[in-house]
Structures are given as C-alpha cells and as structure tokens.
Amino acid sequence: MDAKEIQTAVAHQAAARAATETPFVNLADPATRLGADGRPAQSRRAPIFEDVPDTQWNDWRWQLSHRVNDLTEIEKILNLTDEERAGLSAPDKFRVDITPYFISLIDPDDPDDPIRRQVIPLGREQQAFTAMMEDSLAEDRHSPVPGLVHRYPDRVLMLVTTQCASYCRYCTRSRIVGDPTQNFNRKDHEAQLEYLRRTPQVRDVLISGGDGLTLAPKLFESILRGLREIPHIEIIRIGSRVPVFLPQRIDDELAEMLGKYHPLWINLHFNHPNEITPEVSRAVDKLTRAGLPVGNQSVLLAGVNDCVHIQRSLVHKLVANRIRPYYLYQCDLVEGSGHFRTPVGKGLEIMEGLRGHTSGYAVPTYVIDAPGGGGKIPVMPNYLISYSDHKVVLRNYEGYITTYEEPETYRKHDSAACQYCQHERPEPGQSGVLGLLEGERMWIEPKGFEEVHTRGNTEAHRLQDPAKWVPFGVGAIQGKAGPALRVLEPGPGDAAGPDYGPGEEPRPREGEPTAAAHGELL
C-alpha cells in the first residue's frame, strides 16, 4: 500500500468517525440561539407589523424609513396613558422617532415598561427642576471647531451627526440632537480632521453624535479613513446605540468595513436586560468577530433600572454577549430628564450590591459627568468630597470642584411589583452593609456543610471542619462561624497566644509561607 492509499484510508476512517459523532452545539452562546421553528430566534413584532416580509423587516433602511413618531401612529401600537398623550402632543417636545423593531419590544399594556419609559415622552418632561441646564456638560464651551469637544488632554469627542436611530428621552445633547437644521456635513468633518492634524497631543478620538452608524456607509467610512491617516491618532472609539435600536444595521458588510480600521473600539448603550434580544446578540457577535472590543455605558434611570437585581441581570447578560460593562452614569442635569433622576445614594447602593457579589469584569464604574464640564468623575472616596441631603460635592482629575444637585423628588423603586426583586438570586449578603449590620452572613457555606460524607473513609473530609470556614478578614471576627457576624470574646478555656509588641513578631521558620505569600495565593 503506497502513501496515497494510506492517506485515502485515513481520510475514510476520519469521515466515518465524524459521521457517528454527535456534533457539538454550544447552548451557552446567545448568538446561536434558535426559536421553536429551528430557525434563528426572533423577538416579538407588534401586530401592526406582522405582515411585513422578513426581507423588509431585516433591512435597516426599511426600519429607519418606517419609524413611528406621532400620537396617531403610536396609539395603534401601545395603549397610551393620558400623560403619554400629553407628552406626545406637546408642541416643543424633544424629537420622537422609534424604529418598528424597538417599539415592538414594549409591552403595550404596561405603562411602566422599562423600554417604553426611555422613548415615549411624558407630560412631566416639560417641568423644570433645580440646577437644570441646556448644555449640562459645557460641551459647547470646549469646542474649538463645530462638533469637536476637546475637554481632556489626550482625547476628543467628535460629533459627526445630530441624527439617531431613535431618541432617548434623557438625551444629554437634546439641545442639538434630532434637529436636522443643526446637522454636521462633510465640510464640518474636514474642519474637525484638520484640527486633529494640527493637535499632536490627541491620541484617542471618540466618534459620537447623534449616532455615526446612522450615516451613509461611504460617508462614515470616509471619516474613519480620515482619522486613520493622522499618524498620532492611536485609538478610534465609536459610541453608538444603533445595535440597541436597530441591530439590523450591523451586517457583514459593516463589520468587514470596521475591521479595516483597527485599533477600533465600540461602546454601546443598554439600560435594561429587555433590550438584549436574539437580534442584538447576533449583531454584537458580528462586531466581536470583526475584532472590536465591545463595552457598555448605562444611565441610572428612575423607573427603568434603579434596582440592584435589574442591574445585576443586565451586566450578566452583557458579559454573556461579550460586552464589558464600562460606565454606570448618574443622569445628567439636562432639560426634560427631571423625572429620570435618582439620588446618588441609589447608585452607591447598586454598586454595593454588585461589587464582590459578581465578577469584577461585570461591574461598571459609577460616574457623574460633572456639571459645567469637569469630565467624568468616579463616585468613590478620593473624588467624593461631601454628600448632603441635597448636594454632592466632587473633584475631578484636575482638582476642579463641582457640585451635583440631588433630585427634590424621587419615586422609589417598587420592589413588590418588580419581577427581578421577586425572583432575586438566592445568595447570602445580597443586602450589602445593611444586611451585615442586621446579622446576615456575608459568606457562603458549601452545600451539605453539616453532613459527613465519608465516601468509604472513616473520617470526614477536612473541609467539614467548621473552623475552616470562619470568615477572617471581614471585620474583627474570631471563633466558629455562626448564623451572624459577631465578635466572640475568649472564654475561660481558650488559649491565648503570646502578646508580641509592634515589630516583635518572630519570622516564620524556614519553608513556612509568609503573610505576603498568603496574600498572593488569595
């Protein structure tokens, strides 16, 4: 038998073996999820769109050209409240435009639907509130040329359009976004690029708007090419909510084009788990396969996601889709957003319920975009100067002091009506510091902890010893782990160790681990 015959025989054997093996199906990948009909899973469509052919429904241009925007159209899809009718009828309201795909995700009978609250205006949008501003981040003041915001030393914000696929009711740039008379054109883009060519300290450009992914594909690519031709521009980032409002836009052609301009990053904007649909999972999969790191920026919104259980579900869904939670923003002091604002304490409460209770890469950074243009300030001890019942005082990276006015009214999250609160993940310590003060344990014992499983041995496993599970390091805890965290005083029979003074502790014997080694192991 010659070599060719051997190769043929081996190939036949491999083919026969492959035919008998069950192909692997990754059920954990949300991008490959199938529906009941065996085809790629689809989210629901509103009845008014049920007869739209799939070829049109999945065409992003059709979705954009068939957005709903007035009271009559929306009332055919949703059962509106009186306040929603008032909001949609207001003559000077911020622009309304909702893609058929996104409005179909809304429960037509639930006035508190979290997606509904983000895109359907309410009459209370017209109410002013303390510290309200038109340009709350002072972007216009930091704009050397139209559409370019240079606030930080080495990076700029490049606004390439004022148009979006749909419009968020809490939009920071509502002063210009949605207004076709204030749009940016090729001439503006060239002026922005020329400023960057003459400013070598800029190494990072964030493309936003509006939303750049709503631009004509060739125009958007010309902007990317212009940036990549500038030698000192290292990183290009895209901020977009198109994959949320219009996942159909993320097609193979776009993903291939974006992949030509690496290093390229993209940050998306999901606020609630209901926004992450099978269509979104497939769209994000195209972005990650094209090599784009994908992040997410959420805004903390009253009545939408001001709940630790909702936020935990959101970050877990994001990570499952290979999206890194990046920022959790405090709602800006912008016109029309008063009813969305929460106290800063609510954000701190949410962070308390995330950090340590889930993976570190699933925990965003909680920030306030400083009123008056101080940039993003993390809400943490080094930057949080003082916190009263009506005002938060912060400093930014430059030492700039700013204040954030707390909302005068806040409709607290209704945990009794929240399905996420009613079906929270069972885990000790989920109530954070308050639970600790009330005696709740902040650690998890192994299942069957009190039982002895010998598995044929005559002695219990060493981990059955309760002393192995005393949570040292959480406060000043000594003794056996009990139902509550408490400090136990030594009893009469307890042996006390030697009383060493500062710096008198003997070094460990040769071969014994040091404290530093223990720290490294942990």
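The values are calculated or read from the model by the stated rules, or taken from the named source; none is laboratory data. Since this is a predicted model, take the numbers as computed values, not measurements. Glycine also receives a Cβ, built like all others from the backbone with ideal geometry; neighbour counts cover every protein chain displayed.
How many of the residues making up the stretch 37-69 are exposed (fewer than 11 other Cβ atoms within 10 Å of the Cβ), in a loop (DSSP other than H, G, I, E, B) and either at pLDDT 95 or above or charged (D, E, K, R) (or both)?
Qualifying residue count, the stretch 37-69: 5.
Quick check on the stretch 364-411: of everything there that is of a type in the set (V, I, T), assigned by TED's automatic domain parsing to the domain that holds R155 and closer than 15 Å to S136 by Cβ, which residue is farthest from the chain's Cα centre (by Cα)?
Of everything passing the filter in the stretch 364-411, I377 is farthest from the chain's Cα centre (by Cα).
For the stretch 346-381, give me each residue that is surrounded by 21 or more Cβ atoms within 10 Å (Cβ to Cβ) and of a type in the set (K, R).
Those that are surrounded by 21 or more Cβ atoms within 10 Å (Cβ to Cβ) and of a type in the set (K, R): none in the stretch 346-381.
Go through the stretch 139-154 and report how many residues are crowded, with 18+ Cβ neighbours inside 10 Å and part of a strand (DSSP E or B).
Count: 2.
For residues that are within 20 Å of T403 (Cα to Cα) and out of contact with any His (no Cβ under 8 Å at 6 or more places or on another chain), tally how many sit in the stretch 350-376.
Residues that pass the stated criteria total 11.
With the requirement that a residue be of a type in the set (F, W, Y) and either loosely packed, with under 15 Cβ neighbours inside 10 Å or not in a helix (DSSP H, G or I) (or both), what does the stretch 173-199 give you?
Once the filter is applied, which keeps residues that are of a type in the set (F, W, Y) and either loosely packed, with under 15 Cβ neighbours inside 10 Å or not in a helix (DSSP H, G or I) (or both), the stretch 173-199 yields only F184.
Taking D112 as meeting all but one of (1) outside any loop (DSSP other than H, G, I, E, B); (2) at pLDDT 95 or above; (3) acidic (D, E), write down the number of the exception.
(1)
When you scan the stretch 382-389, do you find a residue that is acidic (D, E), in a loop (DSSP other than H, G, I, E, B) and surrounded by fewer than 19 Cβ atoms within 10 Å (Cβ to Cβ), even just one?
Among the residues of the stretch 382-389, at least one is acidic (D, E), in a loop (DSSP other than H, G, I, E, B) and surrounded by fewer than 19 Cβ atoms within 10 Å (Cβ to Cβ), which makes the answer yes.
Any idea how many residues of the stretch 277-319 are within 21 Å of D107 (Cα to Cα), acidic (D, E) and part of a helix (DSSP H, G or I)?
Residues in the stretch 277-319 being within 21 Å of D107 (Cα to Cα), acidic (D, E) and part of a helix (DSSP H, G or I): 1 in total.
With the requirement that a residue be surrounded by fewer than 21 Cβ atoms within 10 Å (Cβ to Cβ) and either hydroxyl-bearing (S, T, Y) or touching a strand residue (DSSP E or B) at 6+ places or on another chain (Cβ under 7 Å) (or both), what does the stretch 317-331 give you?
R322, R324, Y326, Y327
Across the stretch 179-189, what is the number of residues that are without any contact (Cβ under 8 Å) to a residue 24 or more places away in the chain and either over 30 Å from the mean Cα position of the chain (by Cα) or on the phi > 0 side of the Ramachandran plot (or both)?
3
Restricting the stretch 80-93 to residues that are touching a Pro at 6+ places or on another chain (Cβ under 9 Å) and at pLDDT 95 or above, which is nearest to A46 (Cα to Cα)?
Only one residue fits best here, namely L80.
Based on what the data block shows, is A31 under 24 Å from T99 (Cβ atoms) and out of contact with any Phe, Trp or Tyr (no Cβ under 6 Å at 6 or more places or on another chain)?
yes
Residues to consider are S313, S298; find the one that is in contact with a strand residue (DSSP E or B) (Cβ under 8 Å, 6 or more places away or on another chain), outside the structural domain of P91 (by TED's automatic domain parsing) and of a type outside the set (V, I, T).
Checking each option against the conditions leaves just S298.
Go through the residues of the stretch 334-348 one by one and say whether even a single one is under 26 Å from P111 (Cα atoms) and touching a Gly at 6+ places or on another chain (Cβ under 9 Å).
Within the stretch 334-348, one or more residues are under 26 Å from P111 (Cα atoms) and touching a Gly at 6+ places or on another chain (Cβ under 9 Å).
Restricting to the stretch 115-126, name every residue that is part of a loop (DSSP other than H, G, I, E, B) and closer than 11 Å to T81 by Cβ.
Once the filter is applied, which keeps residues that are part of a loop (DSSP other than H, G, I, E, B) and closer than 11 Å to T81 by Cβ, the stretch 115-126 yields I120, L122.
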